[in-house]
Amino acid sequence: MRVLLATTQVPFVTGGAENLVQELQAALQRSGHLTDTVALPFKWYPAERILDHMLASRMYDLTESSGHAVDLLVGLKFPAYFIPHPNKVMWIMHQHRSAYDLWAHPQFGDLLTWPKGRMIRNAIHEADCALLPEAHRIFTISKRVAERMRHYCDIEATPLYHPPKMADSFFCGPAGDYLFYPSRLSPLKRQDLVIQALAHTSQPVVVAFAGTPDSSEYEVQLKAMAQEAGVADRVIWLGRLSEEEKLDRYAKSVGVVFPPWDEDYGYITLEAMLSEKPVITCSDSGGTLEFVLDGKTGLVTEPLPESLAGAMDLLWEKRAVAAEWGKAGRARYYGLGITWERVVQSLTAPRGHE
Amino acid sequence: MKLNWFSPLPPLRTGIADYTAALLPALAERADVALWTRQESWDPSLEAFAEVRRYEQAWFSYKEFNQGDLNIYHLGNNADFHSEIWEMSRLVPGMVILHDLSLRHLFARYYQLQGNPAGFIGEMGRWHGPEAAAQAESFFNAQIPFEEVSEHFTLCGPGVEGCLGTLVHSQMAFEELRKLGSFPVLLAHLPHSARPFVARSPEAWGQGPFRLIVFGFIGPNRRLEQALEALGGLAEKDAFTLDVYGSVWDPERLLQCASAQGLAGRVRLHGFVPEAELDDALGSAHLALNLRNPTMGEASASQLRIFESSLPAIVTRTGWYGTLPEEAVAQVDPIDEVPQIRAHLASFLSDPERFRVMGERGRQLLEQRHSPAQYAQDILSFSEVCIAQGPREVAMEAALRAVRNGQAWIRGGDVASNVATLASSVEAFSGLTSARIVMGWAGGDPRS
C-alpha cells in the first residue's frame with residue numbers, strides 16, 4: 001500500500017514524537033509498504049493560530065500524489081490528523097492537551113491565558129468530536145491517551161503500544177551507584193520533585209539526570225534548588241547523551257526514577273524494562289502506570305517528596321530486590337507483545353478486519 | 001455554570017446597578033457568579049450572593065476570566081458606567097445584555113474623552129453611512145447640538161460587534177439587532193423584584209385631589225410640557241396635583257410652563273429623594289405619567305416600578321411601551337399626545353375605579369412576566385447558546401483570515417466577493433455554518 005503518515009512538527013524541536021514517526025515509517029517500509037510522512041508546521045500562539053492550522057489541515061487533498069492513489073492516511077498528531085482522506089486510521093500520540101486536561105492546570109495551562117482561549121478550546125473540542133470519527137479506526141499510543149479521549153470527547157479508541165527506539169539494543173549491566181532519570185528537563189517531567197525527594201532520603205542516593213532543558217531558566221532553577229536543598233553533591237547533570245551513552249547509563253544504573261505528571265506513554269519506562277531495571281514512578285504519572293507493577297517491577301508512590309524518597313531509599317538499600325524487579329520488568333515487556341509488526345498489522349488491516 | 005458578570009453595582013445611581021442587585025439572588029441560585037468591577041466600593045450585601053472581583057484594565061488576567069464559562073456584559077447609554085465594560089467586551093467576547101438600544105451617547109462621550117472625535121465620526125459612518133458621519137462631525141464642530149443628530153443613528157453596532165449573543169428587552173431592539181450580525185439574539189422580559197402586593201382601597205381611591213406623579217431623569221422626551229398642556233386644558237384641572245421626583249432638565253422652564261397652564265402651585269418639584277420616600281409617593285399617587293417620545297427603545301425599569309405599586313400609568317405607544325397590554329396602561333399616540341393625554345385624564349375623573357383596576361392589572365403583569373427567577377433561567381439557557389457560538393466565531397475568523405491571505409495575491413475583488421469560498425471553507429472546517437441564529441421571546445411572544 002501507499003501509506004502517508006500525517007503529523008505535526010514544531011520547527012527546531014525534535015523529540016519522542018519525531019522518533020515515533022521515523023520508526024513507524026521504517027516499520028511500514030520493512031513490511032513492504034511505500035510510505036512517506038507529511039509534517040505540517042505548527043505554532044500554538046497566539047491562540048488564534050491554532051484555528052488557522054486546523055483550517056489549513058482540512059484544506060489539504062492527500063487522496064493521491066503524482067497521479068497515484070494514497071491508499072491509507074495515518075493521522076498521528078493534532079491538527080494534522082484532521083487532514084481528510086477516505087481511508088484514514090488514527091494512531092494518536094495525544095490530543096491538544098492545553099484544551100483538555102491541561103486547560104486549568106495552574107502551571108501548564110496556556111490556552112486559557114488568551115482572550116479567546118475558551119472559545120478556541122471549545123472549537124478544538126468540537127472539531128475533535130466531529131472529525132476524529134472520520135477515521136474508520138482510532139488507535140492511541142497508550143491507554144492513558146484513550147482514557148482522555150473517552151472522558152473529554154466520548155470517543156472510544158484502542159491502545160496500541162510500540163517499542164522504544166533501539167529496543168533491541170538495551171542491555172543490563174552491573175548496577176553502579178546512581179538512579180537514572182533520562183528525560184528532557186521540563187516542569188512536566190518534575191525533576192524538581194526528584195531533587196526535593198533527595199533531600200528526604202536516608203540513604204546516600206545519587207540521581208543522574210540526562211537530557212536537555214526546555215528552557216535554560218528551568219535548568220538554572222533546578223540547579224539552584226539542588227544547591228538550596230543541600231543535595232547538589234548527589235545530583236549528576238549529564239546533559240545530552242548519545243544513544244550509546246544512554247544505553248550504557250541505563251545498564252549500569254540501580255534503577256530508573258521517572259515521576260512525570262500524567263505522561264502520555266513513557267518511553268523511559270519501557271527502556272528501563274528492557275534494561276532490566278526497576279522503575280520508580282508516581283500515582284499521577286499517567287502512561288507509566290500501564291507498565292510498572294507496584295512491588296513487582298518497581299514502585300508507585302504518591303507524588304510527594306517524602307514518598308518518592310522512601311522508594312528511592314528502598315531501591316538504593318535493597319539491591320537484590322531491585323535486580324529481581326528489573327528482571328520481572330523485562331519479562332513483562334516481552335509478555336505484552338510490544339512489536340512494530342503488531343503496530344503495522346493493526347494500522348494496515350483492511351476495513352472490517354479489525 | 002460559572003458566569004463573569006460585568007455591570008455597574010450599587011450604590012452607583014443607575015437602574016442597571018439596581019437591576020443587578022435585584023436579579024442576583026435568583027441568578028446565584030442557578031449559577032456561580034463573579035461580579036467584576038472597576039469600582040472602588042460596592043454594596044456589601046452583594047457579596048452574600050456572589051464574589052466581587054476588582055480588575056484593572058492594565059493588568060487583569062485572561063486566565064481568571066477563562067476559568068468561568070462565559071462573560072456577561074451590561075451595556076447602557078451612559079459612558080461613565082459602561083465605557084470600561086464595553087472595552088472589556090471587546091477583548092473577551094461574551095454575552096451582551098443591551099439595556100439601551102441607542103448607545104450613541106455612550107460612544108460620543110467615550111471618544112470625546114479619548115480626544116478622538118474622528119473615532120466617533122468613523123463609527124457613525126461605518127454603521128450608519130455618510131449622513132450619520134456628517135452629523136457627527138457637525139456635532140463635534142459645535143455646529144449642531146447632539147439632540148439634532150438623528151435618533152435613528154443608534155450606534156448600537158459597536159456595542160455588540162463580535163459578541164457571542166445579545167439579550168434585549170424590547171421588540172424594537174430585537175428587530176434592530178437581528179439585522180446586525182450573525183450572533184444569537186434573545187428577547188426576555190426585564191426582571192423586577194417586587195415588594196409584597198398591597199391592594200389600594202377602592203373607597204380611598206375615588207377621593208381627590210388626585211395625585212399625578214412622574215419620576216426619574218426628566219428630559220424633554222418625557223413630554224412633561226405636553227402633559228401640562230393637556231392638564232391645563234382640562235376643565236377639572238384643579239382635581240389634580242403633579243409631583244415630580246428626580247432631576248429635571250430645566251426646572252425653571254417647567255414651572256413657567258405650569259404657570260402658563262394655570263397650574264401654579266399644583267406642580268411640586270422634589271428632586272431625588274430616598275428610595276423609601278419615592279416608594280411612599282408611588283403608593284399614595286393615583287396616576288403616573290411615564291411618557292417617552294422619542295424613546296431610547298428599551299424596556300423601562302421605571303414602568304416596572306410603577307406596576308409594582310399597582311399604579312396606573314399613561315405611556316406613549318412607542319417602543320417597548322407599545323407592547324404593553326391596553327388593560328395595564330393607558331396609551332397615547334406620539335402624534336396626538338396632548339388631546340389623548342387630556343382624554344385619559346378626563347376618563348380618570350369619570351371612572352377612577354377603572355384606572356385602579358388598571359393598576360392591579362399592571363401588578364399582575366409584573367408578577368407573571370417579569371419574575372427574576374424566570375429571567376435568571378432565561379440567562380442560563382441563553383448562556384449555553386452563547387457558549388456554543390464561541391467555536392463558530394473563531395472558525396469564521398479563521399476562515400476570514402484565510403480569505404484575507406488570499407487577497408494578497410488574488411487580483412481584483414474584495415473580501416465580500418470571496419464569500420462563496422469563505423462559506424465553503426467554514427463548512428469544510430467543521431460542518432458548521434455561519435447561519436444567523438435568531439431567537440424569539442423567551443417563554444413565547446406575549447402578544448400571541
Alpha carbon centre of segment A:84-152 versus segment A:235-307: separation in Å? 26 Å
DSSP-loop trypsin sites (Lys or Arg not before Pro) across segment A:231-281, with at most 12 other Cβ within 10 angstrom: A:R240
Report the label-to-label distance for B:L91 and B:E40 in nanometres (one decimal), using points 7 Å from each Cα along the Cα→Cβ vector. 2.1 nm
For A:K143, which lysines qualify as cross-link partners when the Cα separation must be under 26 Å and same-chain residues fewer than eight apart are set aside? A:K77, A:K88, A:K165, A:K189, A:K277, A:K296, A:K327
Let me see the P(r) profile for segment A:228-354: every Cα-Cα distance counted, bins of 10 Å, each bin given as a percent of all pairs. 12, 37, 34, 11, 5, 1, 0
Going by Cα centres, segment B:269-320 and segment B:105-146 are how many Å apart? 32 Å
Per residue, in Å², the accessible surface of segment A:97-156 once ligands and nucleic acids are set aside, probe 1.4 Å: 37 Å²
Fluctuation leader among B:A31, B:A133, B:A48 - chain B, Gaussian network, Cα springs under 10 angstrom: B:A48
Name the GluC sites (Glu not before Pro) in segment B:104-202 that are in a loop by DSSP and that have at most 15 other C-beta atoms within 10 Å, would you? B:E151
Roll a 1.4 Å probe over the protein chains and send me the accessible area per residue for segment A:204-306 in Å². 39 Å²
Return the long-range amide H neighbours of A:L299 (sequence gap of 5 or more, or a different chain), with a cut-off of under 5 Å between placed amide H atoms. A:V279, A:I280, A:T281
If you take the square roots of the eigenvalues of the alpha-carbon gyration tensor of segment A:200-252 and sort them as a ≥ b ≥ c, do you get rounded (a/c under 1.5), prolate (a/b over b/c) or oblate? oblate
For the protein assembly as shown, size of Cβ-based charge dipole, Lys and Arg +1, Asp and Glu -1, in debye: 1360 debye
Once you place label points 7 Å from the Cα toward the Cβ at B:Q143 and A:D168, how far apart are they in nm? 8.8 nm
Taking a ≥ b ≥ c as the square roots of the eigenvalues of the Cα gyration tensor of segment A:1-156, is the shape rounded (a/c under 1.5), prolate (a/b larger than b/c) or oblate? prolate
Using only Cα atoms and rounding to the nearest 10 degrees, what angle (0 to 90) does helix B:352-369 make with the longest principal axis of chain B? 20 degrees
How about segment B:57-83: which of its residues lose at least 20 Å² of accessible area in the presence of all protein chains relative to their chain isolated, using a 1.4 Å probe? B:Y62, B:K63, B:N66, B:Q67, B:D69
Taking all pairs of distinct Cα atoms, average 1/r, flip it, and tell me the Kirkwood hydrodynamic radius of segment B:177-279 in Å to one decimal place. 16.6 Å
Note, A:P115: beta-carbon cut-off 11 Å, +1 each Lys/Arg, -1 each Asp/Glu, net +3
Interface A/B, total buried accessible area with a 1.4 Å probe, nearest 100 Å²? 2100 Å²
Per residue of B:11-21, what is the mean number of Cβ atoms on other protein chains within 10 angstrom of that residue's Cβ? 0
What Rg and what Dmax come out for chain A when only alpha-carbon atoms are used, in angstroms? 20.9, 67
Compute the accessible area of each residue in segment A:32-59 twice, once for its chain alone and once with every protein chain present, using a 1.4 Å probe on heavy atoms, and list those whose area falls by at least 50 Å². A:L51, A:L55
25 °C / 0.890 mPa s Stokes-Einstein diffusion coefficient of segment B:36-133, Kirkwood radius on C-alpha pairs, µm²/s: 162 µm²/s
Rounded to 0.05, the calculated FRET efficiency for the beta carbons of A:D284 and A:Y45 at R₀ = 22 Å is 0.25
Helix B:104-113 axis, angle to chain B major axis (alpha carbon atoms, nearest 10°): 70 degrees
Within chain A, what percent of beta bridges assigned by DSSP are antiparallel, to the nearest 5? 5 percent
Taking Cα pairs closer than 8 Å and at least 6 residues apart, the relative contact order of chain A in percent is 14 percent
Counting only protein heavy atoms with a 1.4 Å probe and every protein chain in place, the carbon and sulfur fraction of the accessible surface of the protein assembly as shown in whole percent equals 52 percent
Residue with peak Gaussian network fluctuation, chain B [Cα springs, cutoff 10 Å], from B:R401, B:R90, B:R53: B:R401
Shape verdict for the protein assembly as shown, please, from the Cα gyration tensor: rounded (a/c under 1.5), prolate (a/b greater than b/c) or oblate. prolate
To test your reading of the geometry: what angle, between 0 and 90 degrees and rounded to tens, separates the Cα axis of helix A:305-317 from the longest principal axis of chain A? 70 degrees
Can you pull out the GluC sites (Glu not before Pro) in segment A:98-193 whose DSSP state is coil and whose Cβ has at most 14 other Cβ atoms within 10 Å? A:E156
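The values are calculated or read from the model by the stated rules, or taken from the named source; none is laboratory data. Small disclaimer: the values here were computed from a predicted structure and weren't measured. We place every Cβ from the backbone using ideal geometry, glycine too, and count neighbours over all the protein chains shown. Heavy atoms of the whole protein, side chains included, go into the accessibility calculation; ligands, DNA and RNA do not. Shrake-Rupley method; radii C 1.70, N 1.55, O 1.52, S 1.80 Å.
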